[in-house]
Amino acid sequence: MKKTKRLWALLLAMVMALGLITTAFAAPTIDSGRKASLSLYKYDITAASADGAWDAASCVSTGVQDDAVTDKLAKYAIQGVEFSYLRVASISTYSQRENGQYKVGVLYGFADDAVLQAIGLGKADAYKRGNGVFYFTSDKLNKALADALADNATTVKNALEIAVRNGGKAMPETDETGHSKVGGLEQGLYLVVETRVPENVTSTCNPFFVSLPMTTIDGKDWNYDVTVYPKNQTGSPDLEKTVREDKNSTGKNTGSLTDIADGYVESSDLKHSFHKNGTDRSLYVFEAPIDLLSHITLYPAGWLEHSYVACCGTSIQPVLERLRQNPKLDTVYLCLDNDEAGEDACDGMLDTLEDMGYDVERLRPEGKDWNDDLRAKRGGHG
């Protein structure tokens, strides 16, 4: 049983806590001049779970590669996945007295608070501060990220992905074994997000932190070459109306990384809405499926090549999910209704998408919406 648990130790579904070591241990001093590396292995957890080859309940993260794991899950490897990473904090140690003995703890120093805000932490939550840097323990960061994702998963996920997209770097795509690696990294705390996935992957993994270096499992040494096993799911998602996650949200994007939310529908999934994938780089965005279909009827040229999404409201979440699932997209056409709600939603989407580096253009129907235009063209018949 112990051997089995060790076998699965590296397959933590939520690897956000993988690199964040406990705050008290007896490891030697960090070799500050040593570079670090990060390795990733991507497996189809949906298929592995169905085959009984993966069990989340038995997983404990260690950060060390286990050949037995990679051999057992080799047939579930996912090729063509891209992760991006951003160093968000420095790493340092401090001494503390515990039960009559001095032990070493780890602190992560943040000079920028964008990521902290996204996971609900403020400067007042810091363990200490100095010279404009705010230091947090791993326990505090772990809990904040877990709580933020549990309370408002899609909004937090998008905010962190925007942060990495704006300042991070991409790892090589995973190879046929599901492996990707980047070396020569400066020591510190890294935020890692999934930025490109194959068509059959329907759910990207949650963003996660990795500490470089991190302590070994016994807490007696440092691991400068960390391996993680983030989770993916494959299959066909249900087409559901998309929503904001908080019923009390105003539905407006204030421009903050932490405030991207819109129209609410009970028991629905923010990520998946009515959509069509194309082959070119353009994405057309509508409020309702009928407007999407009406626009295609009115302007059929090139429709097979274009990508389309109906937000089933004015949420930006379906748009962000389409962009995440289709990294080649670089131009967004906002075709929302020609009314106050549509204009307000377009303003918010435009600010967010331009900040992410996309080209954005507003396309207005002549009437209130594109179905009105189609009905007018047909003499009042939709």
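The values are calculated or read from the model by the stated rules, or taken from the named source; none is laboratory data. Computed from a predicted structure; not experimentally measured. Please note: Cβ atoms are built from the backbone with ideal geometry, for glycine as well, and neighbour counts cover all protein chains shown.
Of Ser84, Ser92, which residue is in contact with a Gly (Cβ under 7 Å, 6 or more places away or on another chain) and under 30 Å from Gly178 (Cβ atoms)? Before you say what the answer is, go through the steps one by one.
Working: Ser92 fails: under 30 Å from Gly178 (Cβ atoms).
After applying the criteria, what remains is Ser84.
Please go through (1) among the hydroxyl-bearing types (Ser, Thr, Tyr); (2) surrounded by 17 or more Cβ atoms within 10 Å (Cβ to Cβ); (3) in a loop (DSSP other than H, G, I, E, B) for Ser294 and return the number of the only condition it doesn't satisfy.
Status for Ser294: all satisfied but (3).
Among the residues of region 316-337 satisfying the criterion of being aliphatic (A, V, I, L, M) and touching a helix residue (DSSP H, G or I) at 6+ places or on another chain (Cβ under 6 Å), which is surrounded by the fewest Cβ atoms within 10 Å (Cβ to Cβ)?
Here is the first cut: in region 316-337, the ones aliphatic (A, V, I, L, M) are 316, 319-320, 323, 329, 332, 334, 336.
Those still in the list that are touching a helix residue (DSSP H, G or I) at 6+ places or on another chain (Cβ under 6 Å) too: 316, 320, 329, 332, 334, 336.
Values: Ile316: 26, Leu320: 24, Leu329: 19, Val332: 26, Leu334: 22, Leu336: 26.
Filtering first and then ranking leaves Leu329.
Against the definition (more than 22 Å from Ser32 (Cα to Cα), free of Cβ contacts under 8 Å to residues at least 12 places away in the same chain, of a type in the set (Lys, Arg) and out of contact with any His (no Cβ under 9 Å at 6 or more places or on another chain)), how does Lys143 come out, yes or no?
Numbers: more than 22 Å from Ser32 (Cα to Cα): yes; free of Cβ contacts under 8 Å to residues at least 12 places away in the same chain: yes; of a type in the set (Lys, Arg): yes; out of contact with any His (no Cβ under 9 Å at 6 or more places or on another chain): yes.
When the stated conditions are applied, Lys143 passes them.
Within region 354-364, how many residues turn out to be part of a loop (DSSP other than H, G, I, E, B) and closer than 23 Å to Leu298 by Cβ? Full working, then the answer.
In the first step, residues of region 354-364 are kept if they are part of a loop (DSSP other than H, G, I, E, B); the result is 356-358, 363-364.
Restricting the remaining residues to those that are closer than 23 Å to Leu298 by Cβ gives 363-364.
Number of matching residues: 2.
Since Glu340 meets every condition but one in (1) surrounded by fewer than 15 Cβ atoms within 10 Å (Cβ to Cβ); (2) touching a residue at least 40 places away in the same chain (Cβ under 8 Å), which condition does it not meet?
Every listed condition holds for Glu340 apart from (2).
Specify which of the listed residues (Glu245, Glu240, Glu194, Glu173) is under 19 Å from the mean Cα position of the chain (by Cα), farther than 25 Å from Lys75 by Cβ and either modelled with pLDDT under 95 or hydrophobic (A, V, I, L, M, F, W, C) (or both).
Values: Glu240 fails: under 19 Å from the mean Cα position of the chain (by Cα); Glu194 fails: farther than 25 Å from Lys75 by Cβ; Glu173 fails: farther than 25 Å from Lys75 by Cβ.
Answer to the check: Glu245.
Residues are listed down the side, and each one gets a yes or a no for (1) among the polar types (S, T, N, Q); (2) assigned by TED's automatic domain parsing to the domain that holds Ala159; (3) within 19 Å of Cys311 (Cβ to Cβ):
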site: Asn326; (1), (2), (3): yes, no, yes
site: Asp339; (1), (2), (3): no, no, yes
site: Asp344; (1), (2), (3): no, no, yes
site: Gly348; (1), (2), (3): no, no, yes
site: Thr352; (1), (2), (3): yes, no, yes
site: Gly357; (1), (2), (3): no, no, no
site: Arg362; (1), (2), (3): no, no, yes
site: Glu366; (1), (2), (3): no, no, no
site: Asp369; (1), (2), (3): no, no, yes
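Would you point out which residue out of Ile119, Ile78 is on the phi < 0 side of the Ramachandran plot and in contact (Cβ under 8 Å) with a residue 60 or more places away in the chain?
Values: Ile119 fails: in contact (Cβ under 8 Å) with a residue 60 or more places away in the chain.
Every option except Ile78 fails the conditions.
Residues in region 121-145 that are surrounded by fewer than 17 Cβ atoms within 10 Å (Cβ to Cβ), at pLDDT 90 or above and either of a type in the set (D, E, K, R) or under 20 Å from the mean Cα position of the chain (by Cα) (or both): how many?
4
Somewhere in region 212-221, is a residue surrounded by 20 or more Cβ atoms within 10 Å (Cβ to Cβ), at pLDDT below 85 and among the charged types (D, E, K, R)?
No, that holds for no residue.
Tell me whether region 97-106 contains one or more residues that are within 28 Å of Met171 (Cβ to Cβ) and in a strand (DSSP E or B).
Applying the first criterion (within 28 Å of Met171 (Cβ to Cβ)) to region 97-106 yields 106.
Now restrict to residues that are in a strand (DSSP E or B): 106.
Among the residues of region 97-106, at least one is within 28 Å of Met171 (Cβ to Cβ) and in a strand (DSSP E or B), which makes the answer yes.
In region 310-327, what count of residues is obtained for those that are part of a loop (DSSP other than H, G, I, E, B) and under 17 Å from the mean Cα position of the chain (by Cα)? Give the steps one after another, and end with the answer.
Narrowing region 310-327 to residues part of a loop (DSSP other than H, G, I, E, B): 311-316, 326-327.
Now drop any that are not under 17 Å from the mean Cα position of the chain (by Cα), which leaves 316, 326-327.
Counting residues in region 310-327 that are part of a loop (DSSP other than H, G, I, E, B) and under 17 Å from the mean Cα position of the chain (by Cα) gives 3.
Hey, could you check region 365-379 for residues that are assigned to a loop (DSSP other than H, G, I, E, B) and out of contact with any Asp or Glu (no Cβ under 9 Å at 6 or more places or on another chain) and say which is surrounded by the most Cβ atoms within 10 Å (Cβ to Cβ)? Show your work before the answer.
Taking region 365-379 as the starting set, the residues that turn out to be assigned to a loop (DSSP other than H, G, I, E, B) are 365-369, 378-379.
Now drop any that are not out of contact with any Asp or Glu (no Cβ under 9 Å at 6 or more places or on another chain), which leaves 378-379.
Values: Arg378: 10, Gly379: 6.
Selected residue: Arg378.
Counting only residues that are hydrophobic (A, V, I, L, M, F, W, C) and not in a strand (DSSP E or B), which one in region 201-230 is nearest to Thr137 (Cα to Cα)?
If we filter region 201-230 for residues that are hydrophobic (A, V, I, L, M, F, W, C), which is where we start, we get 201, 205, 208-210, 212, 214, 217, 222, 226, 228.
Pick out the ones that are also not in a strand (DSSP E or B) and you get 205, 217.
Numbers: Cys205: 24, Ile217: 18 Å.
Of everything passing the filter in region 201-230, Ile217 is nearest to Thr137 (Cα to Cα).
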